[in-house]
Amino acid sequence: MAIVLNPYGKMFCYAWDIYSSTLTRIRKWSADYGIRIDEVYLPTTYGSKETAHIRWSNILDEVKIGKDYVTEDMLATAVELYCKDRENDFKQSRKARMPMMSVFLNIKPKNDRDVEILDFIRLASEQGGKNVEQSS
C-alpha cells in the first residue's frame with residue numbers, strides 16, 4: 001500500500017491557508033478588544049484538514065452553476081470572499097464568528113442552518129472565479 005504525503009492540491013492549500021490565517025486573526029482581535037468569551041463563536045482548533053479536503057472535493061463533484069461544475073479557482077475565491085466578509089463583520093460589529101473550514105464547506109448540514117458556502121460560490125461565479133488577491 002502506498003503512503004501519500006500531502007495529497008491536497010494547490011488551490012485547496014491556498015484556501016486552507018487563507019481560512020486558517022483569518023481564523024487566527026479574528027481570534028487575536030477578539031482577545032485584543034476584550035470581547036467576552038461567551039460572545040466569541042470561534043473553534044479552538046482549525047479542525048481536520050482531511051475532512052475539509054473531503055468536503056472541498058464533494059463541492060467540486062456535486063455543485064454546478066448552470067451546466068458547469070464549480071472549479072477550484074471559483075471555490076478558492078468563495079473562501080476568500082467569506083474570510084473577507086468575516087473580517088469586515090468583526091471590524092464593523094465586533095462579532096467574532098467563524099466555524100472550522102470543514103463545517104463551512106459542508107453542503108449537507110445536519111440541521112436547518114444556512115449553507116453559506118453556496119452564497120459565496122454564487123458571488124465567486126459572478127467574479128468569474130478570479131481570486132480576490134489576483135483582482136486587487
Percent relative contact order for segment 10-131, counting Cα pairs under 8 Å at least six residues apart, stands at 36
GNM, the chain, Cα, under 10 Å: largest mean-square fluctuation among Leu75, Leu23, Leu42? Leu42
Where does the charge balance sit around Ser20 when Lys and Arg score +1, Asp and Glu -1, over other residues with C-beta under 11 Å from its C-beta? +2
Most exposed first by the Cβ proxy, i.e. fewest other Cβ within 10 Å, how do Trp56, Trp29, Trp16 rank? Trp29, Trp16, Trp56
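Place a +1 charge on the Cβ of each Lys and Arg in segment 13-136 and a -1 charge on the Cβ of each Asp and Glu, then give the dipole magnitude about the Cα centre in debye, rounded to the nearest 20.
Using only the charged Cβ atoms, the result is roughly 360 debye.
If the viscosity is 1.306 mPa s and the temperature 10 °C, what translational diffusion coefficient in µm²/s does Stokes-Einstein give for the chain when Rh comes from Kirkwood over Cα pairs?
Answer from the Stokes-Einstein relation: 101 µm²/s.
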Check each of the trypsin sites (Lys or Arg not before Pro) in segment 1-91 and keep only those in coil by DSSP with at most 16 other C-beta atoms within 10 angstrom; list them in order. Arg36, Lys67
Coarse-grained scattering of segment 76-122 at q = 0.15, 0.18, 0.34 Å⁻¹, given as base-10 log I(q)/I(0) from a Debye sum over alpha-carbon atoms: -0.40, -0.56, -1.25
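Based on DSSP H runs of at least 4 residues, each adding -39500 (n - 2.57), what is the mean residue ellipticity at 222 nm of the chain after dividing by all its residues, to the nearest 500 deg cm²/dmol?
-18500 deg cm²/dmol
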May I ask for the net charge around Ala96, where only other residues with Cβ less than 13 Å from the Cβ of Ala96 are counted and Lys, Arg are +1 while Asp, Glu are -1? +4
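Each value in this text was obtained by applying a stated rule to the coordinates, not by laboratory testing. Since we're looking at a predicted model, the values are computed, not measured. FYI the Cβ positions are ideal-geometry reconstructions off the backbone, even for glycines, and counts take in every protein chain you see.
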